[in-house]
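Shown next, in structure tokens, is the structure this report addresses.
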Amino acid sequence: MRKKIVAGNWKMNTTLTEAKNLTSELKQLFSNDIKCEMVVCPPFTWLTTVSENLNNSPIKIGSQNISHQEKGAFTGETSVAMIKEAGATYAIIGHSERRSLYGETNEVIHQKLIAGLSQQLNVILCCGETLEERNAGKLEEILTAQIQLGIGEMSLEYLPQLVIAYEPVWAIGTGLTASPEQAQEAHYFIRKLLSGIFGETAANNISILYGGSCNASNAGVLFSQSDIDGGLIGGASLKAQDFITIAKSF
């Protein structure tokens, strides 16, 4: 059985007080009828506070990014060891905003993937196309490059820690959402790619999340698709009740 995961990417949002209030509310609202793994990914500055607030809670902590460097003169970067000590067990890499705004290449993202996996992090590798690329019929070409180059020569021993997130860039923060059929089509293609890399049995055990304006209203129908194993949630993860409702959508 593939793990069902709902991860909240807070991006560059929340003050310290807001982070405390949000995590306290999530902890209070969490109930045993939630049948998935919940992960919150706050800004780096709040990782320790969020981890302390969620102590003794099933909700996991994730980082929005990591450096592939272990330590040294890399101003502004944050290592795997640092985020782990702050309480994180997950990390997001390759988010479209990191690719488009900060020029992260597939090669750099691969280095981050290996850095995280080799230090026992669960790593969420993001992939997805822009509207122009989709309209030009390049969906499969883009996903193939991002998946194959991002994963690279990854050891099979890391498979249990690998999570993929499909995020159609045109549906992030726009209010637009891929139809359930469009999302399932992309997820199915990604699983075929993973089958070609790792074999069908292994690919069928890798969780693939949908990230693209997934919210409390549409999560149920999206998560009912056969190859969608959860969501990488943006804005809706900043509202505790909405995020809990999404987690209960399975």
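The values are calculated or read from the model by the stated rules, or taken from the named source; none is laboratory data. Computed from a predicted model, the values in this text were never measured in an experiment. Neighbour counts run over all protein chains shown; Cβ positions are idealised from the backbone, glycine included.
Exactly one residue among SER249, SER213, SER237 is closer than 26 Å to ASP33 by Cβ, of a type outside the set (A, V, I, L, M, F, W, C), modelled with pLDDT under 95 and in contact with a helix residue (DSSP H, G or I) (Cβ under 9 Å, 6 or more places away or on another chain), and that residue is SER213. The set of residues in the range 53-91 that are hydrophobic (A, V, I, L, M, F, W, C), under 18 Å from ALA7 (Cα atoms) and touching a Ser or Thr at 6+ places or on another chain (Cβ under 7 Å) comprises LEU54, ILE61, ILE66, ILE83, ALA86, ALA88, ALA91. The requirement of being without any contact (Cβ under 8 Å) to a residue 24 or more places away in the chain, buried (at least 18 other Cβ atoms within 10 Å of the Cβ) and under 17 Å from the mean Cα position of the chain (by Cα) is not satisfied by GLU37. Residues GLY150, GLY173, GLY116, GLY103: which one is on the phi > 0 side of the Ramachandran plot and either crowded, with 18+ Cβ neighbours inside 10 Å or at pLDDT 95 or above (or both)? Within the list GLY150, GLY173, GLY116, GLY103, the selection yields GLY103.
GLU104 passes every criterion in (1) charged (D, E, K, R); (2) touching a residue at least 40 places away in the same chain (Cβ under 8 Å); (3) under 17 Å from VAL80 (Cβ atoms) apart from (2). Of the candidates ILE83, ILE61, ILE92, the single residue that is within 20 Å of the chain's Cα centre (by Cα), within 17 Å of HIS110 (Cα to Cα) and surrounded by 19 or more Cβ atoms within 10 Å (Cβ to Cβ) is ILE92.
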